[in-house]
Amino acid sequence: GQQLNQSPQSMFIQEGEDVSMNCTSSSIFNTWLWYKQDPGEGPVLLIALYKAGELTSNGRLTAQFGITRKDSFLNISASIPSDVGIYFCAGPNTGGFKTIFGAGTRLFVKA
Amino acid sequence: DGGITQSPKYLFRKEGQNVTLSCEQNLNHDAMYWYRQDPGQGLRLIYYSQIVNDFQKGDIAEGYSVSREKKESFPLTVTSAQKNPTAFYLCASSMTRGAKTIQYFGAGTRLSVL
């Protein structure tokens with residue numbers, strides 16, 4: 001079945017550093033979604049991407065839809081302590097009623 | 001405010017007991033979902049429902065049951081057959097417009113076994 005592979009699994013960074021994470025698949029996705037989950041809360045949508053090559057920003061966050069449609073990247077600039085959490089990539093499965101989620105990248109920020 | 005409400009936030013289950021987790025949405029979304037999240041893990045799909053009075057098993061449905069009698073509500077029952085129920089449970093809903101499907105999540109219910 002369709003799977004999403006996220007890397008790295010976890011990151012430990014210093015406040016102010018830039019962060020880059022990615023998501024890859026052996027299957028083509030027509031939509032890429034990036035969510036953030038704060039500890040003890042539900043995931044919140046950060047960015048949605050709908051076109052191959054699309055680059056979209058949301059404040060300090062920038063995400064790109066890979067041109068092969070098999071990958072996506074999320075960058076966070078000038079990290080702050082509240083960036084701590086789990087970042088999930090996701091995309092609808094073939095047929096569209098279910099969403100496939102990656103295993104997440106756990107971000108730890110040291111002040 | 002529009003959104004997805006899960007209750008309770010924390011729930012405790014005794015041995016052999018069934019417990020029901022509530023999920024209500026006022027987003028007018030057709031589809032609803034239940035996920036289980038274990039510590040340090042991703043999201044695993046338990047059940048999903050595309051329309052009222054219809055639902056399908058996800059990847060880990062054993063020991064769980066659901067109903068979808070109303071569009072707004074999708075309760076999850078954790079039965080006594082679920083031997084390892086301690087986890088964080090997330091409810092989500094979605095609406096599909098053309099090629100765009102986005103799931104939105106509730107704040108979760110943390111279930112523990114006494």
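The values are calculated or read from the model by the stated rules, or taken from the named source; none is laboratory data. In this text, all values refer to a predicted model and were calculated from it rather than measured experimentally. Virtual Cβ from ideal backbone geometry, glycine too; neighbours counted across all protein chains shown.
Considering only residues that are away from every other protein chain (no Cβ under 11 Å) and either surrounded by 13 or more Cβ atoms within 10 Å (Cβ to Cβ) or in a strand (DSSP E or B) (or both), which ones fall in the range B:33-42? Passing the criteria: B:Trp34, B:Arg36. Here B:Tyr10, B:Tyr64, B:Tyr47 are screened, and the one residue that is of a type outside the set (A, V, I, L, M, F, W, C), modelled with pLDDT of 95 or more and touching a Gly at 6+ places or on another chain (Cβ under 6 Å) is B:Tyr47. Filtering the range A:19-61 to residues that are under 17 Å from A:Ser79 (Cβ atoms) and surrounded by 17 or more Cβ atoms within 10 Å (Cβ to Cβ) leaves A:Val19, A:Met21, A:Asn22, A:Trp34, A:Lys36, A:Gln37, A:Leu46, A:Ile47, A:Leu61.
Being touching a Leu at 6+ places or on another chain (Cβ under 8 Å) and over 22 Å from B:Thr101 (Cβ atoms) is the requirement here; does A:Ile13 meet it?
The answer is yes for A:Ile13.
The residue list A:Leu45, A:Leu49, A:Leu33 contains one member that is more than 10 Å from the chain's Cα centre (by Cα), aliphatic (A, V, I, L, M) and under 21 Å from B:Ser94 (Cβ atoms), which is A:Leu49. Against the conditions (1) touching a residue at least 60 places away in the same chain (Cβ under 8 Å); (2) of a type outside the set (Asp, Glu); (3) crowded, with 18+ Cβ neighbours inside 10 Å, A:Ser7 satisfies every one except (3).
Restricted to strands (runs of 3 or more DSSP E) entirely inside the range B:61-114, those with at least 1 residues that are free of Cβ contacts under 8 Å to residues at least 60 places away in the same chain and within 14 Å of another protein chain (Cβ to nearest Cβ) are B:87-97, B:100-105.
Close contacts from the range A:77-99, counting a first residue that is free of Cβ contacts under 8 Å to residues at least 24 places away in the same chain and a second that is β-branched (Val, Ile, Thr) and surrounded by fewer than 18 Cβ atoms within 10 Å (Cβ to Cβ), with Cβ to Cβ under 7 Å and a gap of 6+ residues or different chains, come to A:Gly96/B:Thr96. Only one of the listed residues (A:Lys70, A:Lys98, A:Lys110) is within 14 Å of chain B (Cβ to nearest Cβ) and charged (D, E, K, R). That residue is A:Lys98.
What do you reckon, is B:Leu45 under 14 Å from the mean Cα position of the chain (by Cα), crowded, with 19+ Cβ neighbours inside 10 Å, without any contact (Cβ under 8 Å) to a residue 60 or more places away in the chain and under 21 Å from B:Glu15 (Cα atoms)? Spell out the reasoning first.
Values: under 14 Å from the mean Cα position of the chain (by Cα): yes; crowded, with 19+ Cβ neighbours inside 10 Å: yes; without any contact (Cβ under 8 Å) to a residue 60 or more places away in the chain: yes; under 21 Å from B:Glu15 (Cα atoms): no.
Answer is no for this residue.
Out of the range A:37-61, which residues are among the charged types (D, E, K, R) and either more than 11 Å from chain B (Cβ to nearest Cβ) or under 24 Å from A:Phe97 (Cβ atoms) (or both)? Result: A:Lys51, A:Glu54, A:Arg60. Take the conditions (1) at negative phi; (2) surrounded by 14 or more Cβ atoms within 10 Å (Cβ to Cβ); A:Gly104 misses just one of them, which is (1).
Restricting attention to the range A:73-90, report how many residues are more than 14 Å from chain B (Cβ to nearest Cβ) and of a type in the set (Gly, Ala, Ser). Spell out the reasoning first.
So the first thing to find is which residues in the range A:73-90 are more than 14 Å from chain B (Cβ to nearest Cβ), and the list is A:73-84.
This time we only want the ones that are of a type in the set (Gly, Ala, Ser), so: A:77-79, A:82.
Count: 4.
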